[in-house]
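The structure appears below as structure tokens.
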Amino acid sequence: MSRYRAVPEESKFWAELNSNAHPVEVRAAGIYGFIEASFNGDGQLEANGANRAQLAFWVEDLNSGNELRDIEMLRRMNARGHPSIEWTVKKVSLLNGGRCRASGDVTVHGRTRSFEEDFKMSAAPGLLVVEGEHVFDIRDFGIDPPKFFWLWIEPRIKVGVRVVAKQVSAGT
């Protein structure tokens, strides 16, 4: 089992929100945490390994490029009361075509929900890159979609991550 630490400066989160006026993209850098993964002699992920991850980022780092929208977003998410978005990957299974499936939990706004989604992972000596997307309904986390007079946001949002992690300990 090798342990990798996320490189916050290189790891990114994004969310695509749809509104009745135009799409809105929200981004955050600074994902932190760890990934533990077992690889076989060919450098492929071990299907039966105890592969897991614990990752997070600060809610206050979310940025849509519009200050008023960001203030409202942080207010709705109660960034002071729930300062981070966290996810735990508890199980990883291998799929065809070099893809994997992760299952785990994500905590937003103090509420935890399970997820299962496909992702891709690439490994090089001492480095791991994990990329994936998932669609969530923000109402599942107790967040009401914003409505500003004639402008409203859809409750289902597509989120994605790109985690770059450096190896900090080798498998035994």
Charge-dipole axis of the range 1-133 as Lys and Arg at +1 and Asp and Glu at -1 on Cβ define it, positive-most pick from Gln54, Leu68, Gly97: Gln54
Projected-area mean, the range 26-122, by convex hull of Cα positions, square nanometres: 7.2 nm²
Cα pair distances of the chain binned at 5 Å [whole percent]: 2, 8, 17, 22, 18, 13, 9, 6, 4, 1, 0, 0
Burial ordering of His82, His22, fewest other beta-carbon atoms within 10 Å first: His22, His82
Asn66 paired with Val129, simple spin-label distance in nm, labels 7 Å along Cα-to-beta-carbon: 3.2 nm
Net dipole in debye of the chain [+1 Lys, Arg Cβ; -1 Asp, Glu Cβ; about Cα centre; nearest 20]: 240 debye
The range 1-105: GluC sites (Glu not before Pro) in DSSP loop, at most 16 other beta carbons within 10 Å: Glu9, Glu10, Glu46
Percent breakdown of C-alpha pair distances by 5 Å bin, ordered from the shortest bin, for the range 1-44: 5, 17, 16, 14, 14, 12, 9, 7, 4, 2, 0
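Where a number appears in this text, it was derived from the coordinates with a stated rule and is not lab data. Computed from a predicted model, the values in this text were never measured in an experiment. Methodologically, a virtual Cβ is constructed for each residue, glycine included, from the backbone with ideal geometry; neighbour enumeration extends over all protein chains shown.
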